[in-house]
Amino acid sequence: MSKRVFGMLLLVALLVVTASLAGCGKGSSDKKIIRIGEVTRSLFYAPQYVAIEKGFFEEEGLKVELTTTPGGDKTMTALLSGVIDVALVGSETSIYVYQQGSDDPIINFAQLTQTDGTFLVAREKITNFDWNTLKGKTFLGQRKGGMPQMAGEFSLKKHGIDPHADMELIQNVDFANIAPAFSSGTGDYVQLFEPTASIFEKEGRGYVVASFGTESGHLPYTVYMTKGSFINKNEKSVQAFTNAIHKAQLWVANNDAKTIADVVLPYFKNVDPEILVNSIDRYKQQGSFASDPIVDEAEWNNLLDVITSAGELEKRTEHDVLVNTSFAEKAITAVKK
């Protein structure tokens, strides 16, 4: 979505999110409670569920309360209103908020995924895929201004394809309805996350021909972020949180997809175990799971390039303004492989 629309949706979503999550209180515990709002429930976030299930947060003296806050607008509204302490969402949302004039900037402190998580799925099986075959075709993409769509358009442009001139680009379908729309006959190609892409392949409804994650390069795609004021008051907890995430990153790197799938299964009870394993393996193979929590400057600059290419960035917001790498750097030192 555009920065302007994002700002409007923040206002609209504020009352909705506050009402729906008002019951997520601090509770009573001898451990520090951290309330996480994840932008969606996704296999893309497997290391997060590993950190919870393997007890890495508890080892660090934390108890996490995880809530799914669907959409970047609702997630950021929950963070700004104090309903959650930490948001797991794309870094572009912190930029949008900052450029609207926030006096308490949202700081990115620990990265979870480092590539786009979508795949290009064709309706028909293609043996030797050539990006030029997209020209003149109908492409069912993601919503305008969101990272999946921006990374998708960025990748298309790399291959000499103008997504708005060389194809019929559809991007007004709600996220939840994209897969059903493709199944019902809309589009020759579609941009899908896992496990939907693998489900489509298994059922013969579509075939993965390319990865936007591979094509668009490393990005701070999904990052843990919080208000600067929260960091100032809770440095030890933010450090402990980052340590737990890095433990999970190392665990995921050192285990195969089947082992990871067994751990995260409680979060995806309705997903075929075979699909679960295939999806996690696909993300592992293309390096989607960040190997450490550092949001580095090169990734940040690539993100700014992607947003600028999509026409959604008025002014570049430099790395040191909205990124704090100190917690990630200390986590790498503290957590041994």
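Within the group THR214, THR242, which residue is among the β-branched types (Val, Ile, Thr), open to solvent by 50 Å² or more (accessible area, probe 1.4 Å), in contact (Cβ under 8 Å) with a residue 40 or more places away in the chain and part of a helix (DSSP H, G or I)? Result: THR214 is the single residue among THR214, THR242 that is among the β-branched types (Val, Ile, Thr), open to solvent by 50 Å² or more (accessible area, probe 1.4 Å), in contact (Cβ under 8 Å) with a residue 40 or more places away in the chain and part of a helix (DSSP H, G or I). Out of the residues in the range 48-74 meeting the condition of being modelled with pLDDT under 95 and assigned to a helix (DSSP H, G or I), tell me which one is most open to solvent (accessible area, probe 1.4 Å). Once the filter is applied, the top-ranked residue is LYS74. Do the conditions hold for GLY37, that is, is it without any contact (Cβ under 8 Å) to a residue 60 or more places away in the chain and assigned to a loop (DSSP other than H, G, I, E, B)? No: the conditions fail for GLY37. If I filter the range 309-329 for residues that are polar (S, T, N, Q) and open to solvent by 60 Å² or more (accessible area, probe 1.4 Å), do I get at least one hit? No, the range 309-329 contains no residue that is polar (S, T, N, Q) and open to solvent by 60 Å² or more (accessible area, probe 1.4 Å). ALA176 meets all of the listed conditions (1) closer than 24 Å to SER91 by Cα; (2) crowded, with 21+ Cβ neighbours inside 10 Å but one, namely (2). Residues that are modelled with pLDDT of 95 or more and touching a strand residue (DSSP E or B) at 6+ places or on another chain (Cβ under 7 Å) occur in the range 250-267; there is at least one.
For the range 99-141, which positions are of a type outside the set (A, V, I, L, M, F, W, C), open to solvent by 10 Å² or more (accessible area, probe 1.4 Å) and under 18 Å from GLU215 (Cβ atoms)? First the steps, then the outcome.
Taking the range 99-141 as the starting set, the residues that turn out to be of a type outside the set (A, V, I, L, M, F, W, C) are 99-105, 108, 111, 113-118, 123-125, 127-128, 130, 132-133, 135-138, 141.
Then keep just the ones that are open to solvent by 10 Å² or more (accessible area, probe 1.4 Å); that gives 99-105, 114, 123-125, 127-128, 130, 132-133, 135-138.
Answer for the range 99-141, where residues must be of a type outside the set (A, V, I, L, M, F, W, C), open to solvent by 10 Å² or more (accessible area, probe 1.4 Å) and under 18 Å from GLU215 (Cβ atoms): GLN114, ASN128, ASP130, ASN132, THR133, LYS135, LYS137.
Any idea which residue in the range 194-211 is surrounded by the most Cβ atoms within 10 Å (Cβ to Cβ), counting only those that are in a strand (DSSP E or B) and β-branched (Val, Ile, Thr)? Don't jump to the end; show me each part of the working.
Within the range 194-211, the subset in a strand (DSSP E or B) is 207-211.
Next cut, β-branched (Val, Ile, Thr) only: 208-209.
Values: VAL208: 18, VAL209: 20.
Taking the candidates together, the pick is VAL209.
The residue list ASN302, ASN278 contains one member that is in a helix (DSSP H, G or I) and open to solvent by less than 60 Å² (accessible area, probe 1.4 Å), which is ASN302.
The values are calculated or read from the model by the stated rules, or taken from the named source; none is laboratory data. All figures in this text were calculated on a predicted structure; none of them were measured in a lab. Don't worry about glycine lacking a Cβ; one is built from the backbone with ideal geometry, like all the others, and counts go over all protein chains shown. Heavy atoms of the whole protein, side chains included, go into the accessibility calculation; ligands, DNA and RNA do not. Shrake-Rupley method; radii C 1.70, N 1.55, O 1.52, S 1.80 Å.
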